[in-house]
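Student: Supplied in structure tokens, the structure appears directly below.
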Amino acid sequence: MRTQALWFYAIYSNVLNVHAASWTAEIPKTISALLGSCVVVPCNFNYPDPPKKPPAMTGIWHMTDYQPIYHPDSSKVMEEFRGRANLIGDLRRKNCSLRINHLKKKDNGPFIFRIEIRDFDMYSYTENMVSIDVQDYPASPRLTVSGEVKAGDAVTASCSVSHSCPTELPHLIWSRSGTTTNQSEELPNGQWRVMSILTFTATNSDHNQHLTCTAKYQQVTSVQSSKILNVAYPPSIGAQSGCVAEITGVNCRCLVESRPASRVQWKLADGKTENSSSVHSTDGQDSTTVHTLHFHLGLTDVVSCYASNKHGNETRVLETNQRGVLMAIYLSGVAASAFVLILVILLLWKCSRRKKRVEVKINPVYSTAGLDDQHVGTQENIAPAKSCSRGKGPVEDPSAPGGDNICVNSATPYFEEEEEEEEEVDYENSFKEDVYVNM
């Protein structure tokens, strides 16, 4: 019974040893690499255990037609790979990694690893061939920004690129200043990743700005990725806000910067609130909005613009500047009233003058000479008398004998003929007139 148990154990151990020590290799099937850069093909291999420690091993990489791209004897290497392909792995540690520098477009493979163990065996791992995907340009960096970007808070952004040449790391450059941390790590399938982490404090001015990460390679090739920052911040009322008073009323303007857009109310001095007459965006993103209000003159001397969103609020008091306009309107009214009053006085005075002149012109002149007192004033007892106009002498009657001058009978009304004179308005001597007195 014990003998049978030992026999089964021996058989099981041999099976395990054969499985553990077979001709196997771990090599990626395809590796992406940048034209002109280098590529490192990770390789681990295994072989059956020899009866004794092998004195020497030779590692070779060759094409499918067995032309070597790497051999310890460089004279056996294909000319186009000579000096560019190197075995960088330690064969005694079963590492067969290969490095190819200055990649060319035709360095696409496939390539096969071969091991030769002196005094034991040799083997080509044809089932583990590797091909190189030689790319003209590198892939764009992967850019991420963590969480909601809010003004005043710390923001973390990361930028990473994968590459195939661990000795020629791409240089990552940020478009914004801040604190950066760089790190590199190995990935599966012959790739490495370099990452840069940027930390900065967001501000209002960061909104709608591009955050750009540029990956620059030693081959003077660079690629970049960008993200537009959407920064949330409380409202800020600009200094351009103000009121302008006109005859038609007062127009107030409130310029608000915020994200998300703010709710704006106008508060008058009496505590009443008014909504904006109109609202429009100046940047197309609703982060900068202009709110306007129109009201009649004399309603209030100051108004307040109150803006708020979920991140905060702000109030700015604006003067209406309407006192100057009201004073100008008042003075204009006083001047107009005074002008109208002066015109009315001048018209009344002129009408009074004309009336006096008409009365003087049409009043008849009678003589009362030769009548006794008791008959004075009666039309019937008035005796005809000679009356001559003052300063002109008697009126000449050509029909009288001798051509004597006679006076016209004053019983007949006599109207003086006045010479027409041009009427000149003299405000200084307008009330001085010569009145003719009939004697």
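Student: Reachable lysines from LYS355, Cα under 22 Å, same-chain residues fewer than 8 places away excluded?
Tutor: Here the lysines satisfying the reach criterion relative to LYS355 are LYS432.
Student: Mind checking the per residue accessible area of the stretch 77-172 for me, 1.4 Å probe, whole number of Å²?
Tutor: 53
Student: Here is a further query. On average over all directions, what projected area in square nanometres does the stretch 90-156 have, based on the convex hull of its Cα atoms?
Tutor: 9.3
Student: What is the stretch 144-185 by shape, rounded, prolate or oblate, if you read a ≥ b ≥ c off the alpha carbon gyration tensor as root eigenvalues and call it rounded for a/c under 1.5, prolate for a/b larger than b/c, and oblate otherwise?
Tutor: Prolate, since a/c reaches 1.5 and a/b exceeds b/c.
Student: Over all pairs of distinct alpha carbons, what does the Kirkwood formula give as the hydrodynamic radius of the stretch 202-279, in Å?
Tutor: One over the average 1/r among Cα pairs gives 16.5 Å for the stretch 202-279.
Student: Tell me the net charge near SER22. Cut-off is 14 Å between Cβ atoms, SER22 excluded, with +1 for each Lys or Arg and -1 for each Asp or Glu.
Tutor: For residues surrounding SER22, the net value is -3.
Student: Once you have a ≥ b ≥ c as the square roots of the Cα gyration tensor eigenvalues for the stretch 230-272, tell me rounded if a/c is under 1.5, and otherwise prolate or oblate according to whether a/b is larger than b/c.
Tutor: Prolate, since a/c reaches 1.5 and a/b exceeds b/c.
The values are calculated or read from the model by the stated rules, or taken from the named source; none is laboratory data. What you see is a predicted model; the values in this text were computed from it and never measured. Here the Cβ is made from the backbone with ideal geometry for all residues, glycine too, and neighbour counts use every protein chain on show. With ligands, DNA and RNA removed, areas are computed over all heavy atoms of the protein, side chains included. Shrake-Rupley method; radii C 1.70, N 1.55, O 1.52, S 1.80 Å.
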